[in-house]
Amino acid sequence: MAHVGNDGALRSSLIWLAVVMVIVGVCTQSLTKIMVTYVVGILGIAGILLPDWDFFDRDFSRWCYPITAEERASAVAQRQVSLLRRYRIYPVRLVVYTIIYGFALHKWWMFVSN
């Protein structure tokens, strides 16, 4: 089950997306480019804020199986004990995000700047 743990982060992200859309609209005067900016921004925000990180913070081999109640309870307990765990850097996730978001931003920029 996907959920947003921090409504403030979602609200802030949506405000920044609106700012970027206004800038794109003022600079390009193209409704198509504004809409592409909106879609890319919403997908980017959803990719970062909406995933069920408790599911993905398990061993990679367990991703094919539903999260058990014990695993969910353990994740909640660990989150309450250490807030630093929330900000751990996962190398595989970082590489995948860098590749996907870098490609998406490059394609978006090439579209908007032409």
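The values are calculated or read from the model by the stated rules, or taken from the named source; none is laboratory data. As the structure is a prediction and not an experimental result, all values here were calculated from the model. We place every Cβ from the backbone using ideal geometry, glycine too, and count neighbours over all the protein chains shown.
I'd like the full set of residues that are touching a helix residue (DSSP H, G or I) at 6+ places or on another chain (Cβ under 7 Å), among the small types (Gly, Ala, Ser) and more than 27 Å from Gly102 (Cα to Cα), limited to segment 43-71.
none
Collect the residues in segment 42-79 that are part of a helix (DSSP H, G or I), of a type in the set (Asp, Glu) and modelled with pLDDT under 75, keeping them in residue-number order. Break it down into steps so the answer makes sense when it comes.
Here is the first cut: in segment 42-79, the ones part of a helix (DSSP H, G or I) are 42-49, 53-56, 60-62, 69-79.
Pick out the ones that are also of a type in the set (Asp, Glu) and you get 54, 70-71.
Hit for segment 42-79 is Asp54, nothing else.
Would you mind stating whether Val39 is in contact with a Lys or Arg (Cβ under 8 Å, 6 or more places away or on another chain), part of a helix (DSSP H, G or I) and modelled with pLDDT of 85 or more? Lay out the reasoning, then the answer.
Values: in contact with a Lys or Arg (Cβ under 8 Å, 6 or more places away or on another chain): no; part of a helix (DSSP H, G or I): yes; modelled with pLDDT of 85 or more: yes.
Answer is no for this residue.
Determine which single condition Val20 fails, assuming it passes every other condition in (1) among the aliphatic types (A, V, I, L, M); (2) modelled with pLDDT under 85; (3) within 16 Å of Ala104 (Cβ to Cβ).
With (1) among the aliphatic types (A, V, I, L, M); (2) modelled with pLDDT under 85; (3) within 16 Å of Ala104 (Cβ to Cβ) applied to Val20, the lone miss is (2).
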